[in-house]
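**Q** Quick one: this structure, given as structure tokens, is what I'll be asking you about.
The values are calculated or read from the model by the stated rules, or taken from the named source; none is laboratory data. Keep in mind that what you see is a predicted model, and the values were worked out from it rather than measured. Quick reminder, even Gly has a Cβ in these numbers, built from the backbone with ideal geometry, and neighbours come from all protein chains shown. Please note that ligands, DNA and RNA were not included when accessible areas were found on the heavy atoms of the full protein model with its side chains. Shrake-Rupley method; radii C 1.70, N 1.55, O 1.52, S 1.80 Å.
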Amino acid sequence: QVQLVESGGGLVQPGGSLRLSCAASGIIFRLYAMGWYRQAPGKQCELVAVMPSGGSTNYADSVKGRFTISRDNANNTVYLQMNSLKPEDTAVYFCKAQKFSTAYWGQGTQVTVSS
């Protein structure tokens, strides 16, 4: 059974930082591209960052220079370090594991940026 479990969300003031984690089980983690997506109320789900099993990372323009995706293949975990957070970063953040046409999603973690 595949599970992706996100953690690390919460309430933070503008300009603050959070680190999200996504722990995977039931897959050969190192073979999967791992990504972070987010969905704000009333908006479509959008890509935040993706890290292939090999190769370079990709970020949404809105988070470049502020967010960093990383992965620990030994511990089957992907991270999203989020710095200089803005109110418009408020959303539910999901992690996704993908290999070819097979994709798995986590349940999401809420990030709220507000003073």
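**Q** Mind pulling the per residue volume of the convex hull built on the Cα atoms of the chain? Å³ is fine.
**A** Taking only Cα atoms, the chain has a hull volume of 97 Å³ per residue.
**Q** Taking the Cα centre of the chain as the origin and placing charges on Cβ (Lys, Arg +1; Asp, Glu -1), which of Ser84, Val48, Ala33 is farthest toward the positive end of the dipole?
**A** The residue sitting farthest along the positive end of the dipole is Ala33.
**Q** Here is a follow-up. Give, as ranges by residue number, the residues of the stretch 85-107 whose backbone N falls under 20 Å from the point 7 Å along Cα→Cβ of Gln39.
**A** Backbone N within reach: 88-99, 102-107.
**Q** Evaluate the relative contact order of the chain (contact order divided by residue number), counting alpha-carbon pairs under 8 angstrom at least 6 apart; express in whole percent.
**A** Normalised by residue count, the contact order of the chain is 36 percent.
**Q** So which residue, out of Gln44, Gln13, Gln98, gets the largest mean-square fluctuation from a GNM of the chain using Cα contacts under 10 Å as springs?
**A** Gln44
**Q** Using a basic spin-label model with each label point 7 Å from the Cα along Cα→Cβ, how many nm lie between Thr102 and Thr57?
**A** Here the answer is 2.6 nm between the modelled labels.
**Q** With a probe of 1.4 Å, find how much accessible area the chain has per residue, and write the answer as a whole number in Å².
**A** Accessible area per residue: 53 Å².
**Q** Give, in nm to one decimal, the length gained when the segment between Ser70 and Glu46 is fully stretched (0.36 nm per residue of separation minus the Cα-Cα distance).
**A** Length gained between Ser70 and Glu46: 6.8 nm.
**Q** What's the extension gain from Ser7 to Ile28 if we count 0.36 nm per residue and subtract their Cα-Cα distance?
**A** 5.5 nm
**Q** First compute the accessible area of the stretch 34-100 with a 1.4 Å probe, then give the percent of it belonging to carbon and sulfur atoms.
**A** 47 percent
**Q** Let me know the charge dipole size of the chain about its Cα centre in debye, to the nearest 20, where only the beta-carbon of Lys, Arg (+1) and Asp, Glu (-1) is charged.
**A** 140 debye
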